[in-house]
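The values are calculated or read from the model by the stated rules, or taken from the named source; none is laboratory data. For clarity, every value in this text was computed on a predicted model and none was experimentally measured. Positions of Cβ are generated from backbone atoms using ideal geometry, with glycine treated the same way; all protein chains shown enter the neighbour counts.
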Amino acid sequence: MSPPNDQNLLQIAEGLYIPLAEIEMTGVRAQGPGGQNVNKVSSAIHLRFDINASSLPAIYKEKLLALQDQRITKDGVVILKAQQSRSQEQNRMDALQRLQALLLSVTVVPKRRRPTKPSYSSQLKRVERKTRRGQDKAMRGKVVV
């Protein structure tokens with residue numbers, strides 16, 4: 001499957017895209033020191049992504065809503081604030097990358113564990129170590145003449 005050529009999509013994983021129209025980004029004033037610039041310029045980005053209203057597949061919506069993440073509200077809205085940079089465009093890209101990483105984390109399927117048994121030789125080695133250790137400890141007792 002070839003990726004769409006539309007620039008209005010955010011790629012999450014191979015073959016999984018969400019429209020940028022579903023992501024609400026507003027410029028807000030950044031916190032912290034910065035002199036006159038911080039009081040005049042809205043360089044921080046406040047990103048909101050409504051999980052329930054999005055075009056994500058239902059299984060990913062369920063996984064996102066099940067996450068115990070403080071960035072996801074009870075209503076199912078992801079809220080991110082990006083204010084690392086002085087540039088609004090860099091903060092916008094940072095917020096989108098963080099949203100992309102969050103959404104990518106629920107698309108990864110964990111590798112299934114296949115139960116194994118210890119080998120016969122490893123079991124023998126373990127018992128031998130235990131008996132040798134027990135003998136060493138027994139030698140620490142009082143010496144009887």
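The number of residues in region 18-60 that are closer than 14 Å to LEU104 by Cα, crowded, with 16+ Cβ neighbours inside 10 Å and either among the aromatic types (Phe, Trp, Tyr) or without any contact (Cβ under 8 Å) to a residue 12 or more places away in the chain (or both) comes to 1.
Each residue in region 91-103 was checked for being within 8 Å of the chain's Cα centre (by Cα) and surrounded by fewer than 16 Cβ atoms within 10 Å (Cβ to Cβ), and 1 pass. Against the conditions (1) closer than 13 Å to VAL106 by Cβ; (2) surrounded by fewer than 14 Cβ atoms within 10 Å (Cβ to Cβ); (3) touching a strand residue (DSSP E or B) at 6+ places or on another chain (Cβ under 8 Å); (4) of a type in the set (Val, Ile, Thr), ILE79 satisfies every one except (1). Within region 30-48, the set of residues being at pLDDT 75 or above, under 30 Å from the mean Cα position of the chain (by Cα) and not hydroxyl-bearing (Ser, Thr, Tyr) comprises ALA30, GLN31, ALA44, ILE45, HIS46, LEU47, ARG48.
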